[in-house]
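Let me begin by presenting the structure, written as structure tokens, before commenting on it.
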Amino acid sequence: MQIDFAVIGGSFAGLSAALQLARARRRVLVVDAGRRRNRFVDEAGLTSHGFLTQDGRAPAAIAADAKAQLLRYPTVQWLDGTADDARVAADGRLAFRVGSVEVSAGRLILATGVRDELPPVPGLAERWGRSVFHCPYCHGYELGGGDIGVIAATPMAQHHAVMLPDWGRVTLFLNGVYTPSDEERAELARRGARVEATPVARITGEADVELADGRVLRMAGLFTQPRTSLASPVAAQLGCAMVDGPMGPFIQVGPTQETSVPHVFACGDAARAAGSVALAVGDGVMAGFGAHRSTMF
């Protein structure tokens with residue numbers, strides 16, 4: 001299959017990028033493996049927040065509407081599947097495979113997203129996206145100003161614990177991950193966050209933290225710091241430069257979302273240290289603009 005522009009990843013960033021190209025009357029292929037990062041929120045019956053006009057809607061509903069709107073453009077094709085075996089062809093075009101389909105694109109946008117690796121605390125993974133979160137701006141308000149636990153997975157837990165008192169009463173569970181300095185403890189105290197050094201045994205109930213000494217602290221919700229990795233090997237296969245972020249590597253991009261590989265662009269969670277639906281959509285707009293303009297300038 002020969003195409004002008006290919007977008008790998010059909011979630012918020014990829015849909016946004018493809019929309020800009022469709023509106024420029026260019027032929028666009030979107031390849032989607034159907035593994036949105038925030039699918040666990042849908043499974044829990046929760047909603048997305050912080051995105052203008054869509055606050056309080058299910059992520060799946062937002063994505064479904066976006067896909068339906070995109071597919072109204074006659075120059076858009078959609079291919080369900082996983083992209084692999086990506087390479088720069090001898091003629092400079094970007095080639096990859098989706099199952100038995102070989103694709104050759106003049107420009108390629110990577111919106112592949114990331115995978116989250118949670119700390120090995122029993123009961124934590126089962127509550128991911130339900131009562132365990134990573135973004136206060138996305139889910140902090142719904143906890144109603146109640147008791148919030150921060151399960152340390154990295155020293156970045158300090159950042160979480162200092163932020164979250166705006167959303168509730170915070171307990172930082174160190175869980176043997178790190179020891180705050182005197183300065184850090186003073187910062188936590190100033191923000192009203194308490195520190196619990198006893199290791200966490202497991203998470204039970206809705207968001208109850210059972211400690212190694214048998215105490216159970218009931219929380220309205222929990223936050224932790226997942227380690228992220230790129231959800232697709234395509235960026236590495238193409239040789240895109242990476243950046244080591246605080247939670248994991250992501251694709252290095254320039255002002256118009258261009259990568260280190262000519263004619264390859266990237267957007268969404270795969271191309272920034274942190275993300276949200278609104279940021280992914282904005283990055284996708286710029287990636288679409290950048291890919292289109294690169295054919296002219």
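Confirm whether Gly248 is more than 30 Å from Glu126 (Cβ to Cβ) and touching a residue at least 40 places away in the same chain (Cβ under 8 Å).
Spelling it out, it is not the case that Gly248 is more than 30 Å from Glu126 (Cβ to Cβ) and touching a residue at least 40 places away in the same chain (Cβ under 8 Å).
To keep it simple, each residue is scored yes or no on (1) over 18 Å from Ala33 (Cα atoms); (2) in contact with a strand residue (DSSP E or B) (Cβ under 7 Å, 6 or more places away or on another chain); (3) modelled with pLDDT of 95 or more; (4) in the same structural domain as Leu211 (by TED's automatic domain parsing).
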{"residue": "Thr53", "(1), (2), (3), (4)": "yes, no, no, no"}
{"residue": "Ala95", "(1), (2), (3), (4)": "no, yes, yes, no"}
{"residue": "Arg107", "(1), (2), (3), (4)": "yes, yes, yes, no"}
{"residue": "Leu110", "(1), (2), (3), (4)": "no, yes, yes, no"}
{"residue": "Leu124", "(1), (2), (3), (4)": "yes, yes, yes, yes"}
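Would you check which residues across region 186-197 are loosely packed, with under 15 Cβ neighbours inside 10 Å, assigned to a helix (DSSP H, G or I) and either in contact with an Asp or Glu (Cβ under 6 Å, 6 or more places away or on another chain) or not small (Gly, Ala, Ser) (or both) and list them?
Hits for region 186-197 are Arg190, Arg191.
Could you tell me which of the residues Leu222, Leu164, Leu238, Leu188 is closer than 19 Å to Glu117 by Cα and at pLDDT 95 or above?
Exactly one of Leu222, Leu164, Leu238, Leu188 is closer than 19 Å to Glu117 by Cα and at pLDDT 95 or above, namely Leu222.
Is there a residue in region 272-283 that is crowded, with 22+ Cβ neighbours inside 10 Å, modelled with pLDDT of 95 or more and within 20 Å of Asp91 (Cβ to Cβ)?
Checked region 272-283: no residue is crowded, with 22+ Cβ neighbours inside 10 Å, modelled with pLDDT of 95 or more and within 20 Å of Asp91 (Cβ to Cβ).
Mind counting the residues in region 284-295 that are surrounded by fewer than 24 Cβ atoms within 10 Å (Cβ to Cβ) and in contact with a Gly (Cβ under 9 Å, 6 or more places away or on another chain)?
Residues that pass the stated criteria total 2.
Just to be sure, is Val285 touching a residue at least 40 places away in the same chain (Cβ under 8 Å), among the β-branched types (Val, Ile, Thr) and in a loop (DSSP other than H, G, I, E, B)?
no
Yes or no: region 278-291 includes at least one residue that is closer than 29 Å to Ala66 by Cα, in contact with a Leu (Cβ under 7 Å, 6 or more places away or on another chain) and not small (Gly, Ala, Ser).
Looking for residues that are closer than 29 Å to Ala66 by Cα, in contact with a Leu (Cβ under 7 Å, 6 or more places away or on another chain) and not small (Gly, Ala, Ser), one finds none in region 278-291, hence no.
Against the definition (farther than 20 Å from Thr204 by Cα, outside the structural domain of Asp42 (by TED's automatic domain parsing) and in contact with a helix residue (DSSP H, G or I) (Cβ under 7 Å, 6 or more places away or on another chain)), how does Pro165 come out, yes or no?
The answer is yes for Pro165.
When the residues of region 207-250 are narrowed to those that are over 23 Å from the mean Cα position of the chain (by Cα) and not in a loop (DSSP other than H, G, I, E, B), which ends up nearest to Tyr178 (Cα to Cα)?
Among those that are over 23 Å from the mean Cα position of the chain (by Cα) and not in a loop (DSSP other than H, G, I, E, B), it is Leu211.
In contact (Cβ under 8 Å) with a residue 60 or more places away in the chain and in the same structural domain as Arg35 (by TED's automatic domain parsing), is that true of Asp269?
yes
The values are calculated or read from the model by the stated rules, or taken from the named source; none is laboratory data. Predicted model, so just to flag it, every value in this text is computed and none were measured. All Cβ positions, even for glycine, are placed from backbone atoms using ideal geometry, and neighbour counts span all protein chains on display.
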